[in-house]
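The values are calculated or read from the model by the stated rules, or taken from the named source; none is laboratory data. The shown structure was predicted, so the numbers you read here are calculated from the model rather than taken from an experiment. No Cβ is skipped: glycine too gets one built from the backbone with ideal geometry, and neighbour counts run over all protein chains shown.
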Amino acid sequence: MTLITLRQALDHAREGGYGIGAFNVTDIEQVEAVLDAARRTKSPVIVQTIAGASAFASDELYWDLLLRAVDHYPDVPVVVHLDHGPDVATCKRAIDAGFSSVMIDGSIDHKTGVANSFDENVAITSEVVAYAKERGVSVEGELGTIGGSKDGASHAEIVLANPAEARDFVERTGVDALAVAIGTSHGAYKFTTPPDSTVLHMDLIVEIAEKIPGTHLVMHGSSSLPPHLREIINAHGGDLPESWGVPEEEKARSTKLGVTKINQGMDSHMAYAAAMRTALAADRLAADPAPAASAGRQAMSELIAERMGVFGQAGRSGDYVAVPFREPAALPLD
Ligand code: 13P
């Protein structure tokens, strides 16, 4: 098994009654962390990345390495997904590079930060779907606005998804999956107290799932922000403020309500950063960053393996029969 589409993976998840983690990666060690965790736990997996948000100067080089890394894991069903494509051109770039799935985030104009109208979102999303479908690639759209940002530099306001619009959006665009804003936000700053139903609107999942049974729901901003990782980071020079994320049990519950794709970036990055900072502090003569990056990779892989158990994808790769999106590249694999 190798690269598969988001539609294949999520249909399989729905049939099996489980969720699949979509893990954000910003460097090639992180790609290895995710794929290793998937191999160890026998999980199908979604590896996702945001354009321009990696340690590489060029998306094209990074994306190429990412896709080639997948070929080293022929036993793992993998979706390579563009997260939060800001415009049609970026989505086309990822599709042309070989991604098997893209997200077009048409809910806001990413240059101005101003919300797009429903019709503007439909138009942008439809253009991506038309290009993707010709090439067998899956598409995720967004309804409502998920708050926060990966880098903390900008803070999109949360606009909850409107269930009344969901069916119309899906019928007019033909998306395979829909990111629904239910009160979560991206990044390391989410809720100021443990979230209850007044801020985390799990009820919306049920309402929307009923309206679009053929479309997969995606939960963004799903990190839990483990306090012990924040403490390690802060004990080694960090200054992350106290914040609450999405409890593990709510993520597991979401997969029973209609969510099949669970996006997680910050928890993985906190695990990586905590281990990296600890390793660097323990060796004051360290000049080569590789040992610290290796410690980060291993810690990230452990955390992801645990989450794969929570989401239910662990142990599911063996019964996979999906047709590969493309054959593995001709690599000298050993
Ligand atoms: P977190 O920032 O909560 O990890 O969410 C990631 C995400 O939703 C990426 O799209």
Checklist entry - Inside the range 38-57, can you point out the residues that are buried (at least 24 other Cβ atoms within 10 Å of the Cβ), in contact (Cβ under 8 Å) with a residue 40 or more places away in the chain and within 16 Å of the ligand (Cβ to nearest atom)? => result V45, I46, Q48
Next on the checklist: Give me the residue from the range 247-296 that is basic (K, R), more than 16 Å from the ligand (Cβ to nearest atom) and touching a residue at least 40 places away in the same chain (Cβ under 8 Å) and, out of that set, farthest from R230 (Cα to Cα).
Outcome noted: K256
Checklist outcome for this item: In the range 288-322, anything under 16 Å from the mean Cα position of the chain (by Cα) and among the hydroxyl-bearing types (S, T, Y) is listed as S301
Checklist entry - Looking at (1) in a helix (DSSP H, G or I); (2) of a type outside the set (F, W, Y); (3) more than 24 Å from Y18 (Cβ to Cβ), can you tell me which one D196 breaks? => result (1)
Checklist entry - If you go through the range 164-187, how many residues are more than 16 Å from the ligand (Cβ to nearest atom), farther than 16 Å from H216 by Cβ and touching a Leu at 6+ places or on another chain (Cβ under 7 Å)? => result 1
Item to check | Count of residues meeting criterion [out of contact with any helix residue (DSSP H, G or I) (no Cβ under 6 Å at 6 or more places or on another chain) and either without any contact (Cβ under 8 Å) to a residue 24 or more places away in the chain or closer than 25 Å to I46 by Cβ (or both)] in the range 225-240 | outcome: 8
Checklist entry - If you check K190, K133, K111, which single one turns out to be among the basic types (K, R) and within 16 Å of the ligand (Cβ to nearest atom)? => result K190
Checklist entry - Do we have A22 as assigned to a strand (DSSP E or B), of a type in the set (G, A, S) and crowded, with 21+ Cβ neighbours inside 10 Å here? => result yes
Checklist entry - Looking at this structure, is L35 modelled with pLDDT of 95 or more, surrounded by 22 or more Cβ atoms within 10 Å (Cβ to Cβ) and within 22 Å of G296 (Cα to Cα)? => result yes
Checklist entry - So how many residues does the range 105-150 have that are surrounded by fewer than 23 Cβ atoms within 10 Å (Cβ to Cβ) and hydroxyl-bearing (S, T, Y)? => result 6
Checklist outcome for this item: Subset of the range 77-100, residues in contact (Cβ under 8 Å) with a residue 12 or more places away in the chain and surrounded by fewer than 24 Cβ atoms within 10 Å (Cβ to Cβ), comes to P86, D87, V88, T90, K92, R93, I95, A97, G98
Item to check | Lone qualifier among H81, H12 - being away from the ligand (no atom under 15 Å from the Cβ) and either in a helix (DSSP H, G or I) or out of contact with any Gly (no Cβ under 8 Å at 6 or more places or on another chain) (or both) | outcome: H12
Checklist outcome for this item: Exactly one of I205, I212 is under 20 Å from V310 (Cβ atoms), more than 10 Å from the ligand (Cβ to nearest atom) and in contact (Cβ under 8 Å) with a residue 24 or more places away in the chain, and that residue is I205
Checklist entry - What helices (runs of 4 or more DSSP H) lie completely within the range 216-334 and have 3 or more residues being small (G, A, S)? => result 266-282, 290-311
